[in-house]
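Worksheet for the structure shown next.
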Amino acid sequence: MNVLVIGGAGYIGSHVVYELNDAGHDVTILDNFSTGLRENVDARATLVEGDMQDLTLLNRLLESSKNKPSDATSTAEEADPFDSVFHFAALKAAGESMEHPDIYTRANLVATMELLNTMLRHNIKNFIFSSSAATYGNPQYLPIDEAHPQIPINYYGFTKLVIEQTLKWYSQLKGLRFAVLRYFNAAGYDVKGRITGKEQNPANLLPIVMEVAAGMREQLQVFGNDYPTRDGTCIRDYIHVNDLATAHVRSMEYLVAENRDLTLNLATGEGYTVLEVIHEAERVSGRPVTHSIVGRRAGDPAELVATSGRAFDQIGWKAEQSELSKLVESMWQVYG
Ligand SMILES: NC(=O)c1ccc[n+]([C@@H]2O[C@H](COP(=O)([O-])OP(=O)(O)OC[C@H]3O[C@@H](n4cnc5c(N)ncnc54)[C@H](O)[C@@H]3O)[C@@H](O)[C@H]2O)c1
């Protein structure tokens, strides 16, 4: 199939692009490299460098070659029309979204709404969307399933929820087919070692732990060790990016084959504490991960884990690469 991946040079998008190419799909990437890395772009993909908020560019790209004469040579902008669009290009820092909601409105909400309208104008109907655990807010029960109330506690999570709701309306009103994929904590690097560009200014635990082990930063802070968990530190559900990538390809195939929408948690159902992650990183790297315990951070629940039973039922997916050792080892290949 012919697919457009917006944000395909980013952390998750670059892994999905490799998986799509491995599965034999034709991939075009649109990326403005605001956080994405050139070195992570799969050379098999066609790269269009630009901003998805540039509506002239977006229109031209999605217009593709619907009117192309059959003998024309294909170029990036004269390929077959796209069957599906994957959308990874968003701002994702929850704290920042509370300080600068206006920036998140433009980058996450307005840009996505314009993209959806442009897709519909060009009759492109399959949309795979990166949603987030952040749409649920504080857990009311565990593990979180897809029916859990969605009450985001930060503006970032709210932007994802508004898009999810818009997708439901567009599905009913315009026949858009969507896969809403709610990721928990993405981690790890390509187990085949093809993606080696490190995330810049990471905000998540695992890359920060890696940076400390690699000597790129002095130490890390552990926010609270008095939670009601097995060692007092917070438990999170970490999902390997290769597992996320598989789920994306299967979701696209489901939309096309079944012509039905999907809303799925992508998680493992198990979690690891902050200290377990640190100790595993010390074991794998053979280096100390210097850390200090500081006070709890506002808005951090003790435990966040989710069930992906629905993903198993609907697309036959479950996490296969997400054990802690594999997460850490695949990251140490990049950081070590
Ligand atoms: N990383 C996680 O743990 C996590 C968890 C839940 C949801 N998500 C969601 O997954 C998606 C991808 O996350 P990621 O971690 O890969 O982030 P990332 O920042 O690594 O990737 C985003 C990519 O989009 C590109 N981009 C940004 N704005 C653009 C624009 N206007 N035009 C064109 N390209 C643009 C960036 O250059 C980058 O390549 C995001 O929507 C994020 O909200 C991520």
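The values are calculated or read from the model by the stated rules, or taken from the named source; none is laboratory data. Everything quoted here is computed from the prediction, not taken from an experiment. Methodologically, a virtual Cβ is constructed for each residue, glycine included, from the backbone with ideal geometry; neighbour enumeration extends over all protein chains shown.
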Item to complete: Among the residues of the stretch 116-128, write down those that are out of contact with any helix residue (DSSP H, G or I) (no Cβ under 7 Å at 6 or more places or on another chain) and either crowded, with 20+ Cβ neighbours inside 10 Å or among the charged types (D, E, K, R) (or both).
Response: Arg121, Lys125
Worksheet entry | Criterion: at pLDDT below 95 and small (Gly, Ala, Ser) - qualifying residue of Ala298, Ala281, Ala257, Ala245 | Ala298
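Residue-wise test of (1) within 18 Å of Asp243 (Cα to Cα); (2) aromatic (Phe, Trp, Tyr); (3) touching a Lys or Arg at 6+ places or on another chain (Cβ under 8 Å); (4) within 15 Å of the ligand (Cβ to nearest atom).
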{"site": "Pro143", "(1), (2), (3), (4)": "no, no, no, no"}
{"site": "Pro152", "(1), (2), (3), (4)": "no, no, yes, yes"}
{"site": "Ile163", "(1), (2), (3), (4)": "no, no, no, yes"}
{"site": "Leu173", "(1), (2), (3), (4)": "no, no, no, no"}
{"site": "Tyr189", "(1), (2), (3), (4)": "yes, yes, no, yes"}
{"site": "Arg194", "(1), (2), (3), (4)": "yes, no, no, no"}
{"site": "Gln200", "(1), (2), (3), (4)": "no, no, no, yes"}
{"site": "Leu205", "(1), (2), (3), (4)": "no, no, yes, yes"}
{"site": "Val212", "(1), (2), (3), (4)": "no, no, no, no"}
Worksheet item: What tally of residues in the stretch 199-216 results from selecting those that are over 15 Å from Gly336 (Cβ atoms) and in a loop (DSSP other than H, G, I, E, B)?
Response: 6
Discussion item. Given the criteria within 7 Å of the ligand (Cβ to nearest atom), modelled with pLDDT of 95 or more, of a type in the set (Gly, Ala, Ser) and part of a helix (DSSP H, G or I), does Gly13 qualify?
Written reply: yes
Item to complete: Filter the stretch 312-333 down to residues that are among the aliphatic types (A, V, I, L, M), farther than 29 Å from Leu255 by Cβ and either out of contact with any Pro (no Cβ under 9 Å at 6 or more places or on another chain) or outside any helix (DSSP H, G or I) (or both), then give me how many there are.
Response: 2
Fill in: From Asp42, Asp26, Asp51, Asp83, residue being near the ligand (Cβ under 9 Å from one of its atoms), of a type outside the set (S, T, N, Q), at pLDDT 95 or above and out of contact with any Leu (no Cβ under 6 Å at 6 or more places or on another chain)
Asp51
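This table checks each residue for (1) surrounded by 21 or more Cβ atoms within 10 Å (Cβ to Cβ); (2) in contact with a strand residue (DSSP E or B) (Cβ under 8 Å, 6 or more places away or on another chain); (3) of a type outside the set (Gly, Ala, Ser).
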| site | (1), (2), (3) |
| --- | --- |
| Asp145 | no, yes, yes |
| Ala187 | yes, yes, no |
| Lys192 | no, no, yes |
| Gln200 | no, no, yes |
| Ala214 | no, no, no |
Worksheet entry | Sole residue being touching a helix residue (DSSP H, G or I) at 6+ places or on another chain (Cβ under 8 Å), over 28 Å from Gly36 (Cα atoms) and buried (at least 16 other Cβ atoms within 10 Å of the Cβ), chosen from Asn225, Asn242 | Asn225
Worksheet item: Residue check, Thr159 against (1) more than 12 Å from the ligand (Cβ to nearest atom); (2) crowded, with 21+ Cβ neighbours inside 10 Å; (3) hydroxyl-bearing (Ser, Thr, Tyr), all met but one. Which one?
Response: (1)
Worksheet item: Among the residues of the stretch 218-225, is any under 28 Å from Val334 (Cβ atoms), without any contact (Cβ under 8 Å) to a residue 60 or more places away in the chain and assigned to a loop (DSSP other than H, G, I, E, B)?
Response: no
